[in-house]
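Bear in mind that the values in this text are calculations on the coordinates, not laboratory data. On a predicted model such as this, the values are computed, not experimentally measured, just so you know. Here the Cβ is made from the backbone with ideal geometry for all residues, glycine too, and neighbour counts use every protein chain on show.
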Amino acid sequence: MLSQIDTAATAAPATPKPTAAYDSAALLDLVLQSLDDDKAEDIVTIDLRGRTAMADTMVIASGRSSRKVSSMAQKLLDRLKERFRLTARAEGKDIGDWVLVDTGDVVVHIFRPEVREFYQLEKMWLEPEGSDRPAR
């Protein structure tokens, strides 16, 4: 009598995917690529190093609708988890007017255009004209 062998149970366990090492620059690259892939508009990158301890870089972008803003934020969170095994914090995803994604080194603000215009974060964080420290 032949017995049936469950090959899935006896096969060697799959080796886990190695976690990619990351730093501030790698996080920023992934954030910018994710936003670009999802057709974010008016992407602005602001270098915060030496100005605040909260993060190295702030990224501000727009999406045309609440659904688009929420979707871009969720895809960014998914990509961060997949690539770096990083669970970033997010605020505002349910409403979608303004979503904040905090990766630690990079803080991302995704707005609907009207909300972005109202809060004007760029004006608060960008260096004034003639400064020797330009935004990236």
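See the values below:
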{"item": "Packing-based order for 21-27, 117-123, using average beta carbon neighbours within 10 Å, highest first", "result": "21-27, 117-123"}
{"item": "Cα gyration tensor category, rounded, prolate or oblate, for the stretch 24-125 with a/c compared to 1.5", "result": "oblate"}
{"item": "Net charge of neighbours whose Cβ lies under 9 Å from the Cβ of LEU27, counting Lys and Arg as +1 and Asp and Glu as -1", "result": "-4"}
{"item": "Local electrostatic count at LYS39 - Lys and Arg +1, Asp and Glu -1, tallied over other residues with Cβ under 12 Å", "result": "-2"}
{"item": "FRET E, pair SER24, GLU91, Förster distance 22 Å, beta-carbon r, rounded to 0.05", "result": "0.55"}
{"item": "Distant alpha-carbon pairs in the stretch 69-130 (separation over 12 angstrom), percent", "result": "69"}
